[in-house]
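What follows is a short report on a single structure.
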Amino acid sequence: MKMRSAVWLFLLLLLASGSVVLARGSGEEPKSVAKAAASTASNTEKKNIEEYIKLLRENVRQQKAQLTGAVLQLSADEAKKFWPLYDEYQTELTKLNDSRVKNLGNYAREFAQLTDEKADQLMKEDLNLRKQLDELLARTYARVKQSLGAVTAARFLQIESQLQLIIDLQLDSVLPTGG
């Protein structure tokens, strides 16, 4: 029961902190905040904010790894096999998620003057990145299955799928919806 409570607490924390990070990282802020920031922010302040966001994202990745380890409950031998695979997966996942954040940020910034052609281009890129994410997850599942068996690979897949749903929700929460 303690593990389940800890997992839910972590997921709520991840959701709350990720929305702030993604909203800041996408360049989309409420108009009043954006106007005030534009009038007072210097390049140094912007650099500091970017570094802060980077640190927050690294911390979320570390917490994600800790949660994954806690749920999988690997033996020492299993851990030796799993963590190198996970690290490779996480490196590729980070690159793909960074590309998704950038692409969706472009969509949000251009939303008011979006043409059919530009919207199509941005959404095709989003679909391509989602496809790459699915392919990465499938490759990693196969590698974990080969090293540790289908049960552990299935648990890994379920954890990652749930976390990816939260990440998708965070990404989508910063997008404009009205016309």
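What follows is calculated from the coordinates using simple rules that are stated; it is not laboratory data. Bear in mind the structure is a predicted one, so any value in this text is a computation, not a measurement. FYI the Cβ positions are ideal-geometry reconstructions off the backbone, even for glycines, and counts take in every protein chain you see.
Tally up the residues in the range 118-161 that are of a type outside the set (A, V, I, L, M), under 25 Å from L67 (Cα atoms) and surrounded by 15 or more Cβ atoms within 10 Å (Cβ to Cβ), please. Within the range 118-161, residues that are of a type outside the set (A, V, I, L, M), under 25 Å from L67 (Cα atoms) and surrounded by 15 or more Cβ atoms within 10 Å (Cβ to Cβ) number 10. Note on the range 140-159: residues that are in contact (Cβ under 8 Å) with a residue 24 or more places away in the chain and not aromatic (F, W, Y) total 8.
Within the range 165-172, the presence of at least one residue that is farther than 27 Å from G69 by Cα and acidic (D, E) is confirmed.
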